[in-house]
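Asks: Would you mind keeping the following structure in view while I ask a few things?
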C-alpha cells in the first residue's frame, strides 16, 4: 500500500471531520455513529479507523477546529486595533462568539465522556487549541485593559471560560422547550448569544 503524505493524511482527516460537522447540523451527538459518518465520506468506513479510533475523537477534532476558528477571530481583534474601551472589547469578543455557535453547542455537551474516549495525542491536540484561546484572551486583556493585574486576569479567565459552557442552552431554546416552560409557568427571558456574552463581559471588565 502506498504511504500517504502528511498532506493526504490531513486531507482525509478533514473529510471525516467535515462529515461529522455536516451530520451535527441536523442530528444529536448520541444519534451520530461511525456508520453514519462513514456514509458521508468517499471511502470505506474501516478506513476511518486509520485516522480516528472512536466517534469521540472525531468530535474532539471538530471541537479543536472550532476553537481554532475562534482563535483566528480573537487574534484579529488583538492585532486590529491599538486601543479598545471596555465596552468595545466586550462587544468585539461577544461578536466573535456569536459567530461560533457550533463551538458553544459543543461546549454544552458532556466533555468528560468525549475526552475519556479519546487517545492522549488527540486530547493533547484539542487542549492546544483550547489553551490558545485562553492565551489570546489573556493577551487581549493585557493589551486593552493594562490596569488589570495578573490576579485580575486570572479571575476573569476562570469566570468567563466556565460561563461559556452555559451560553448555548440559554440562547438556543427549541419550540418544545418554550412550550414546556409556558406550561410550567417559568418566567424566562430569551437572549441571543451576543447579548448573554456581552452582559457577562461588561460586568467582568467593570469589576476588574
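The values are calculated or read from the model by the stated rules, or taken from the named source; none is laboratory data. Quantities reported herein were computed from a predicted structural model and do not represent experimental measurements. All Cβ positions, even for glycine, are placed from backbone atoms using ideal geometry, and neighbour counts span all protein chains on display.
Asks: Among the residues of segment 5-13, are any assigned by TED's automatic domain parsing to the domain that holds residue 172 and either assigned to a loop (DSSP other than H, G, I, E, B) or without any contact (Cβ under 8 Å) to a residue 40 or more places away in the chain (or both)?
Replies: Filtering segment 5-13 down to residues assigned by TED's automatic domain parsing to the domain that holds residue 172 leaves none.
No, because not a single residue in segment 5-13 is assigned by TED's automatic domain parsing to the domain that holds residue 172 and either assigned to a loop (DSSP other than H, G, I, E, B) or without any contact (Cβ under 8 Å) to a residue 40 or more places away in the chain (or both).
Asks: Which residue out of 72, 125, 116, 86 is at pLDDT below 95 and more than 24 Å from residue 173 (Cα to Cα)?
Replies: One residue alone meets the criteria, 116.
Asks: Further question on the same structure: From (1) under 28 Å from residue 9 (Cα atoms); (2) in the same structural domain as residue 163 (by TED's automatic domain parsing); (3) in contact (Cβ under 8 Å) with a residue 60 or more places away in the chain, pick out the condition that doesn't hold for residue 90.
Replies: (1)
Asks: Do any helices (runs of 4 or more DSSP H) lying entirely in segment 143-205 carry at least 3 residues that are touching a residue at least 12 places away in the same chain (Cβ under 8 Å) and buried (at least 17 other Cβ atoms within 10 Å of the Cβ), and which ones are they? First the steps, then the outcome.
Replies: Numbers: elements: 150-164, 167-171, 175-183.
Ranges flagged: 150-164, 167-171.
Asks: Does residue 72 meet the test of being without any contact (Cβ under 8 Å) to a residue 24 or more places away in the chain, within 25 Å of residue 192 (Cβ to Cβ) and surrounded by fewer than 15 Cβ atoms within 10 Å (Cβ to Cβ)?
Replies: Yes, satisfied.
Asks: Is it fair to say residue 34 is under 29 Å from residue 156 (Cα atoms) and crowded, with 16+ Cβ neighbours inside 10 Å? Full working, then the answer.
Replies: Values: under 29 Å from residue 156 (Cα atoms): no; crowded, with 16+ Cβ neighbours inside 10 Å: yes.
So residue 34 fails the test.
Asks: Sort through 78, 103, 140 and tell me the only one that's under 30 Å from residue 27 (Cβ atoms) and not assigned by TED's automatic domain parsing to the domain that holds residue 19.
Replies: 103
Asks: Among (1) within 15 Å of the chain's Cα centre (by Cα); (2) free of Cβ contacts under 8 Å to residues at least 24 places away in the same chain, there is one condition residue 128 misses while meeting the rest; what is its number?
Replies: (2)
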